[in-house]
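Each remark here refers to the structure printed beneath this line.
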Amino acid sequence: MLSWYSLIHREPDDIQKPLQEFGRVLRPRGGLLIGFFSWPTLERFPHAVIDAYRWPVARLASEVEAAGFEVAETYERVEAGARPQGAIVARRLAHIR
């Protein structure tokens, strides 16, 4: 399943809802790839139509694990003049907690 910048507008207190839904629809060991804006701290910022959030990679990875996934890899790309980018590769656990 691909969630490429589709979670950036979710309130942090509500991020578990879509993550748990991903776990519900994926078969055991099914893959998940999440792309997002990264930042050292969780931060709201103005973006296009509505505000969005930048996440610390480790914090969003922890949310992914709490939703019943095993995080296989995390990535962060920081380039001068560009927004920092993050990605998480995960697999649904055989049995969701």
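Observations on the model:
- Residue count, segment 53-70 (criterion: closer than 11 Å to LEU32 by Cβ and acidic (Asp, Glu)): 1
- Filter result (within 26 Å of VAL78 (Cβ to Cβ) and either crowded, with 16+ Cβ neighbours inside 10 Å or under 12 Å from the mean Cα position of the chain (by Cα) (or both)) within segment 12-38: PRO12, ILE15, PRO18, LEU19, LEU32, LEU33, ILE34, GLY35, PHE36, PHE37, SER38
- Looking only at segment 33-46, residues that are under 11 Å from VAL64 (Cβ atoms) and either polar (S, T, N, Q) or in contact with a helix residue (DSSP H, G or I) (Cβ under 6 Å, 6 or more places away or on another chain) (or both) come to 0 in all.
- For segment 42-57, the set of residues classified as open to solvent by 80 Å² or more (accessible area, probe 1.4 Å) and either closer than 17 Å to VAL89 by Cα or part of a loop (DSSP other than H, G, I, E, B) (or both) consists of PRO46, ALA48, VAL49, ILE50, listed by residue number.
- Residue match in segment 61-74 (condition: among the charged types (D, E, K, R), surrounded by 13 or more Cβ atoms within 10 Å (Cβ to Cβ) and more than 21 Å from MET1 (Cβ to Cβ)): no
The values are calculated or read from the model by the stated rules, or taken from the named source; none is laboratory data. As the structure is a prediction and not an experimental result, all values here were calculated from the model. In this analysis, Cβ positions are derived from the backbone assuming ideal geometry, glycine residues included, and neighbour counts consider all displayed protein chains. SASA here: full protein model, heavy atoms, side chains in, ligands and nucleic acids out. Shrake-Rupley method; radii C 1.70, N 1.55, O 1.52, S 1.80 Å.
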